[in-house]
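The values are calculated or read from the model by the stated rules, or taken from the named source; none is laboratory data. For clarity, every value in this text was computed on a predicted model and none was experimentally measured. All Cβ positions, glycine included, derive from the backbone under ideal geometry; neighbour counts span all protein chains shown. To get the accessible areas, we keep the full protein, side chains included, count just its heavy atoms, and leave off ligands, DNA and RNA. Shrake-Rupley method; radii C 1.70, N 1.55, O 1.52, S 1.80 Å.
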Amino acid sequence: MASVRWSLRVGSVLLGVVAGGVLGLCAQGPDLHKIAETVDSHYNRLNTLQAEFTEIFRGGGLTRNETGVMYLKKPGKMRWDYTSPQKKLFVTDGKTAWFYSPGERQARRTTIKNLDDFRSPLRYLLGKTKLEKEFHGLSLVTADQPSAPGDVILRGVPKGMEDRVQESRLEVAPDGTIVRISLEELDGTYTEFRFSNQKGNVSLPEKLFKFSPPMGVEVMESKDLEP
């Protein structure tokens, strides 16, 4: 999920309501700076985050919809358990990242510094979010309808991904929660993540972010850990 470097290399991208109106809404309309501050305030107060996700991919003549559960834990730990249409695992302990599909004979591994993946930036979302510093040309989108009343849509180009991403969009709920992230690449490839049932500061054991290949599984070094 190059990375959406929002404190990693994106995202890093996921409480409070700004005084004077939800997400800084006022008679003059949404205030970009206040919206960004609300997002920062929301995630910087969290040590862990658990959320259900839907990942939508379109590119190269293919369309893929997948669902599962994502876990984040400071500092820089992340786990994506894909449950449908098939089980897969993407996990990092902050130093090493793994991708594995149960039943396969190979597991892919790379170091975080070499990781080229759109999910990886989200691992630094907690505790150090600075939305306005992570995007070039961050602005409000008024032409598109958000998925829920009261949400707003932001767009920009994640810093460090200019050679790959044409535009990224974030849908932000009134409490500062990021409910949707989309990325359109220069070649037309489109990836979208939708998040729901987000739970902050839940207890997440360290072993959740560890991975040991099953016996007989070959380990391959690869920068590309995309499913």
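Values as computed for the structure displayed
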{"item": "Residue within the range 210-219 that is buried (at least 18 other Cβ atoms within 10 Å of the Cβ), farther than 15 Å from residue 154 by Cα, of a type outside the set (S, T, N, Q) and more than 15 Å from the chain's Cα centre (by Cα) present", "result": "yes"}
{"item": "Any hit, the range 103-111, residues being within 20 Å of residue 218 (Cβ to Cβ), open to solvent by 10 Å² or more (accessible area, probe 1.4 Å) and of a type in the set (Asp, Glu)", "result": "yes"}
{"item": "Condition broken by residue 82, with the remaining ones in (1) open to solvent by 10 Å² or more (accessible area, probe 1.4 Å); (2) in a strand (DSSP E or B) satisfied", "result": "(1)"}
{"item": "Of the criteria (1) open to solvent by 40 Å² or more (accessible area, probe 1.4 Å); (2) under 24 Å from residue 97 (Cα atoms); (3) part of a loop (DSSP other than H, G, I, E, B), which one residue 199 fails", "result": "(3)"}
{"item": "Test: residue in the range 178-192 that is over 24 Å from residue 136 (Cβ atoms) and over 12 Å from the mean Cα position of the chain (by Cα)", "result": "no"}
{"item": "Positions within the range 124-139 being modelled with pLDDT of 90 or more and open to solvent by less than 50 Å² (accessible area, probe 1.4 Å), in sequence order", "result": "138, 139"}
{"item": "Residue within the range 211-227 that is within 21 Å of residue 77 (Cα to Cα) and in contact with a Phe, Trp or Tyr (Cβ under 6 Å, 6 or more places away or on another chain) present", "result": "yes"}
